[in-house]
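Read-outs throughout are calculated quantities, based only on the coordinates presented, and are distinct from any laboratory measurement. Computed from a prediction, not measured in an experiment: that's the story for all the values here. Neighbour counts run over all protein chains shown; Cβ positions are idealised from the backbone, glycine included.
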Amino acid sequence: MKHTISVIVENKPGVLSRVASLFSRRGFNIESLAVGTTENPDVSRMTIVVEGDEQTLEQITKQLYKLIDTLKVFDLPKTQSVERELALIKVSANEKTRPEITQIVEICQARISDVSEDSIMIEISDEGGKVENLIELVRRFGIKELVRTGKIALLKGSAE
């Protein structure tokens, strides 16, 4: 089972390295990792996606709390959080394919970020499944380049 974990840490050099090392030493695979500062510039939020059961999640949480820079660790259940992922997709395009690609982009509620003579760059920010769906829809045109962020998430409402 996949778990999305939010880790609130002090925004100091080396924290990301220590967190990644912890996962590596314990044999846990990080499926996705996104890090950024929060509303407080002294604090960063890591959103980590890992595979494992409840016992694994509990063990990861305990280990994260042992790191001196960790302030808070909590699970982000899909039903209680808003999750997003960003992707930039550069797709081969010409006069014939450009209208069809544009239509797919509109239907998927994405946007075109750049157009050149032989390509279109598409930007999408949505749930991971919708990002994956758009990628599959434009794959037949030829994906020249693709980059995706890891998942980011926040708990809904006033919970935390």
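Report, in cubic angstrom per residue, the convex hull volume of the C-alpha atoms of region 82-155.
71
Students often forget the sequence filter, so: which aspartates and glutamates lie under 20 Å Cα-Cα from K130 once same-chain residues fewer than 8 apart are removed?
E31, E83, E85, E100, E106, E145
What lysines could a cross-link reach from K66, if we take a straight Cα to Cα line under 23 Å and drop same-chain neighbours fewer than 8 places away?
K2, K12
Please report, in whole Å³, the volume per residue of the convex hull around the C-alpha atoms of the chain.
Looking at the chain, the number lands at 139 Å³ per residue.
Relative to the compact-globule scaling 2.2 N^0.38 Å, provide the ratio for the alpha-carbon radius of gyration of region 2-75.
The value comes to 1.01.
Given the C-alpha centroids of region 99-139 and region 1-50, what is the distance between them in whole angstrom?
So the two Cα centres are separated by 29 Å.
Per residue of region 84-96, in order, report the coupling 6.51 cos²θ - 1.76 cosθ + 1.60 (Karplus, θ = phi - 60°) as ³J(HN,Hα) in whole Hz, putting x for Gly and Pro.
9, 9, 10, 9, 10, 10, 9, 10, 4, 8, 9, 4, 6
Given charges of +1 on the Cβ of Lys and Arg and -1 on the Cβ of Asp and Glu, with all other atoms neutral, how large is the dipole of region 2-75 about its Cα centre, in debye to the nearest 20?
About 280 debye.
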